[in-house]
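The values are calculated or read from the model by the stated rules, or taken from the named source; none is laboratory data. Keep in mind that what you see is a predicted model, and the values were worked out from it rather than measured. Here Cβ is always computed from backbone atoms with ideal geometry, including for glycine, and neighbour counts include all displayed protein chains. In case anyone asks, the SASA skips ligands and DNA or RNA and just uses the protein heavy atoms, side chains included. Shrake-Rupley method; radii C 1.70, N 1.55, O 1.52, S 1.80 Å.
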Amino acid sequence: MYFKVQILIALIELRINKWCFRNRLDKLQAKRWNKLQNKLLESPFYKENVLNKTPLQQYPILNKSEFMSNFDLINTVGITSYEAMKVAEKAERLRDFSPTIKDITIGLSSGTSGNKGIFMVSQKERAHWVACVLDRIIGFSLKKRSVAFFLRANSNLYSSVTSKILRFEFFDILGPLDNYIAKLNALQPSILVGQPSILIELASYVKKGLLSISPSKVISVAEVLSPEDATYLKRVFQQTIHQVYQCTEGLLAVTCSKGFLHFNDDFLIIEKKYIDSEKKRFHPIITDLLRTTQPVIRYELNDIIHEKTDCPCGSSYTGIDKIEGRSDDVLSFKSDQNEKIRIYPDFFRREIILANSSIKDFTIVQKTGSMLELYIEPFEYYRSAEKRLQAFLKSQGVHEILIKQTLSKNHTQGNKFRRVQNEQKEN
Ligand SMILES: [Zn+2]
């Protein structure tokens, strides 16, 4: 019961602060940053910075590997990464979804190439997370509702939302979807949550007449939702597809009433590290003002974000036009003059769509500096797509690239689906 009270308090706090500081976001951030610094005194990694009154802009920027290698010093509860990893891995093996040390919940993030991350949250932080999910994603209501949630593994972060009026039903994405259809038809979920690749498969069951559900909200999580997929899902489910941008580092952004993502600037400070000369794309550097167990201070994500500055909803929170992918989805080549040429995933997506409007699916994997593997569905459009890609690469000064057809999509069930991927070790 105590946890539910904490959630309620967190929910009220979120709303009051958002309302009181609605035109003074910088004041709210400053207030929370001051409070957070007291807590940082307990972090051996940050203590000196606080004592020296270092402004936030001069704190070190950390990427994932720097963050993980300093894990033991950064956290404020004296838990080592060795201890946390041991507990989390054991829990994953036993499919026990509530591993804790000293009342701190330990979680593992999937990560790519064995680059697993650990996250730790206290009960209070979990309550805040749940409150935020209720406030900004599911929507607070006293009506009885059920949520069908497709995810890699159950987690006590999610099940903590369950109550008498909100029922969560988890579907492990590692299982065959065929087995879930009857259960979904019986459940008639009010809210459907899953990654786009799963939602698209479910949509195909709807189109075949095998699945008949009418959720009032469809939420895409975990993977990049391309505009084409969003349009398709919107048509099948007959509604705006909402998105949640969340990672180990917290609940970063949620969609507004107009269907665009906005960062949660009321408790996050977002700095933009532009990565292209036109300043269209940036990596977000995030500071989470409410995470204290494992502080997240100037943490650089490798996601490629396009900013939206003119959202029709009128919100002053940082808008996201799209998430293009991650930096390791950028393909890299050498020009004839041996200069490095980096091409963003969006350009490839555009070329494939323009090759033929009947192309339903594709994946591109860069195997080496001069070889790409291309999957096109239906297969009959492969040649036109390949031709178009070759012409495009030439227009970018990239010559003599071998494009090989593959008959299997670059996707393993249960993993994050990425349409464009660079598998070269160095790029
Ligand atoms: Zn908006």
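What to note about this one:
- Condition met for ASP288 (modelled with pLDDT of 95 or more, open to solvent by less than 20 Å² (accessible area, probe 1.4 Å) and within 18 Å of the chain's Cα centre (by Cα)): yes
- Of all residues in segment 6-28 being touching a Ser or Thr at 6+ places or on another chain (Cβ under 9 Å) and assigned to a helix (DSSP H, G or I), the one that is surrounded by the fewest Cβ atoms within 10 Å (Cβ to Cβ): LEU25
- Hey, ALA203 within 16 Å of the ligand (Cβ to nearest atom) and either assigned to a helix (DSSP H, G or I) or without any contact (Cβ under 8 Å) to a residue 40 or more places away in the chain (or both) or not: no
- Pairs are defined by a Cβ separation below 7 Å, a sequence spacing of at least 6 or placement on different chains, a first member in segment 306-321 that is without any contact (Cβ under 8 Å) to a residue 24 or more places away in the chain and in the same structural domain as PHE282 (by TED's automatic domain parsing), and a second member that is open to solvent by less than 30 Å² (accessible area, probe 1.4 Å) and near the ligand (Cβ under 7 Å from one of its atoms); the pairs so defined are THR309/GLY319.
- Meets criteria (of a type in the set (D, E, K, R), out of contact with any Asp or Glu (no Cβ under 6 Å at 6 or more places or on another chain), under 23 Å from ASP276 (Cα atoms) and open to solvent by 20 Å² or more (accessible area, probe 1.4 Å)) for LYS387: no
- Output for segment 265-320, where each listed residue is in a loop (DSSP other than H, G, I, E, B), more than 15 Å from the ligand (Cβ to nearest atom) and within 24 Å of PHE347 (Cβ to Cβ): ILE275, ASP276, SER277, GLU278, LYS279, LYS280, LEU301, ASN302
- Checklist (1) farther than 25 Å from ASN23 by Cα; (2) under 18 Å from the mean Cα position of the chain (by Cα); (3) surrounded by fewer than 20 Cβ atoms within 10 Å (Cβ to Cβ) applied to ASP265, failing item: (1)
- Selection within segment 243-264 - within 12 Å of the ligand (Cβ to nearest atom) and either farther than 23 Å from GLN29 by Cβ or in contact with a helix residue (DSSP H, G or I) (Cβ under 8 Å, 6 or more places away or on another chain) (or both): GLN243, VAL254, SER257, LYS258, GLY259
- Residue check, ASP361 open to solvent by less than 50 Å² (accessible area, probe 1.4 Å), of a type outside the set (A, V, I, L, M, F, W, C) and without any contact (Cβ under 8 Å) to a residue 60 or more places away in the chain: yes
- Residue that is farthest from the chain's Cα centre (by Cα) [pool: residues in segment 401-427 that are open to solvent by 60 Å² or more (accessible area, probe 1.4 Å) and charged (D, E, K, R)]: LYS404
- Of residues in segment 303-323 being polar (S, T, N, Q) and farther than 30 Å from GLN421 by Cα, the one surrounded by the fewest Cβ atoms within 10 Å (Cβ to Cβ): SER316
- Some residue of segment 245-255 being touching a strand residue (DSSP E or B) at 6+ places or on another chain (Cβ under 9 Å), under 28 Å from ARG126 (Cα atoms) and in a loop (DSSP other than H, G, I, E, B): yes
- Condition check for LEU301 on (1) closer than 26 Å to HIS242 by Cβ; (2) more than 14 Å from the chain's Cα centre (by Cα): one failure, at (2).
Per-residue answers, yes or no, for (1) modelled with pLDDT under 95; (2) assigned to a strand (DSSP E or B); (3) more than 19 Å from ASP329 (Cα to Cα); (4) among the aromatic types (Phe, Trp, Tyr):
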position: PHE348; (1), (2), (3), (4): yes, no, no, yes
position: ILE359; (1), (2), (3), (4): yes, no, yes, no
position: HIS399; (1), (2), (3), (4): yes, no, yes, no
position: GLY414; (1), (2), (3), (4): yes, no, no, no
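- Residues that are more than 14 Å from SER384 (Cα to Cα) and part of a strand (DSSP E or B) within segment 362-371 comprise THR363, ILE364, VAL365, GLN366, LYS367, THR368, MET371, listed in sequence order.
- Of the helices (runs of 4 or more DSSP H) entirely within segment 29-138, those holding at least 2 residues that are of a type in the set (Val, Ile, Thr) occupy 123-133.
- Which numbered condition VAL398 misses (of (1) buried (at least 16 other Cβ atoms within 10 Å of the Cβ); (2) in contact with a strand residue (DSSP E or B) (Cβ under 9 Å, 6 or more places away or on another chain); (3) within 15 Å of ILE352 (Cβ to Cβ)): (3)
- Qualifying residue in segment 71-79 (condition: under 30 Å from GLY314 (Cα atoms), open to solvent by 20 Å² or more (accessible area, probe 1.4 Å) and modelled with pLDDT of 95 or more): no
- Filter result for GLU228 (in contact with a helix residue (DSSP H, G or I) (Cβ under 9 Å, 6 or more places away or on another chain) and crowded, with 18+ Cβ neighbours inside 10 Å): no
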